[in-house]
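Below is one structure, written out as structure tokens; comments come after it.
The values are calculated or read from the model by the stated rules, or taken from the named source; none is laboratory data. Just so it is clear, the structure is predicted and the values come from calculations on it, not from any experiment. Glycine also receives a Cβ, built like all others from the backbone with ideal geometry; neighbour counts cover every protein chain displayed. The area values use the complete protein model at the heavy-atom level, side chains included, leaving out ligands, DNA and RNA. Shrake-Rupley method; radii C 1.70, N 1.55, O 1.52, S 1.80 Å.
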Amino acid sequence: MAIAKEAAVAEWGTLFGTVREQVARKKFAAVPLATAATCLILLFSIVQHLPGGEHFVTRIGVVKAALPLDVSLLRTPLSLYVPALDLPVWGALAQVFVVFGIAEIVLGRRLTLVVAYTCTLAGTLFARVGVAIGPDHVFGFPKWVAHVRDTGPSAAVVALAICIAFRCRAWFTAGLVVATMVGEAVVLPNLAGMEHVVAVIAALLIAVFFSVEVFGDFWPRVLAGVGAAAVVSTATASLEAAAADVRRRTPAGAAVP
């Protein structure tokens, strides 16, 4: 039991402490983005079950691979908040409120939105590519998949979970999420499963190379070193140019001061 407790503290201690402090101090004011996203999902869920509501929601927030690319891109931001018709909405509400809330505190609102939308868009574009290459390819889909409704926050939730785990150095959790998504895609090889894998890949790229500080101050030091090298190189080139100019202006045989 003691070993399990130590492992849990090592894995989630930083995350728990950060979230608890912010929530205790600000209450719901700590997670306005998560609250707004949850309310949007609830609103779309109610509207699409009203008479004529499904048509309205489809026109503004439902993405399909069969749609023109510009229409899909315009609808993608809202598609994240349109829950699936055949799944209980409470699941999406709980996922978004918890994961978006934690991400908002740990990653910040701007990065939370970047990760959520980037990885959702990556999945949306992958669906188009999969339909285009066809079912003969390992990552391809049959043509009828182009007409499947491609909405919901699941890809964003998976991606945010990865980035949160990397930021808090919860490596076991990150590995578990990756393994679960890959296992889902293998056992249930459908559009949603493959989009989750694409979201995982996109989130890992963001976490490692862009926004999430995985290796502490490694990247800042690298960038500082590159900047310093550029300054030294520029200064050296300037000195060499100045010396060449002095030599050019000095008469032959005269002493250079």
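Miscellaneous remarks
- Dipole magnitude (debye, nearest 20) for segment 70-152, charges at Cβ of Lys, Arg, Asp, Glu: 140 debye
- Residue-normalised accessible area of segment 9-65, expressed per residue, 1.4 Å probe, Å²: 61 Å²
- Largest first, the residues CYS163, CYS39 sort by 1.4 Å accessible area into CYS39, CYS163.
- Couplings 3J(HN,Hα) for segment 162-173, derived from phi with the Karplus relation 6.51 cos²θ - 1.76 cosθ + 1.60 (θ = phi - 60°), are 4, 5, 4, 4, 5, 4, 8, 6, 8, 5, 4, 4 Hz, where x marks Gly and Pro.
- The order of the peptides 98-110, 192-204 by mean Cβ neighbours within 10 Å, most packed first, is 192-204, 98-110.
- Area of TRP12 that stays accessible when all protein chains are in place (1.4 Å probe, Å², to 10): 120 Å²
- Put PHE44, PHE28 in order of accessible area, highest first, and with a 1.4 Å probe you get PHE28, PHE44.
- Segment 1-102, accessible surface, carbon-and-sulfur percent (1.4 angstrom probe): 73 percent
- Model label sites at VAL129 and LEU176, defined 7 Å from Cα along the beta-carbon direction, differ in position by 3.0 nm.
- Per-residue extension of 0.36 nm, minus the Cα-Cα distance of TRP144 and THR18, leaves a gain of 40.8 nm for this segment.
- For ALA7 and LYS27, the difference between the fully extended length at 0.36 nm per residue and the C-alpha to C-alpha distance is 4.4 nm.
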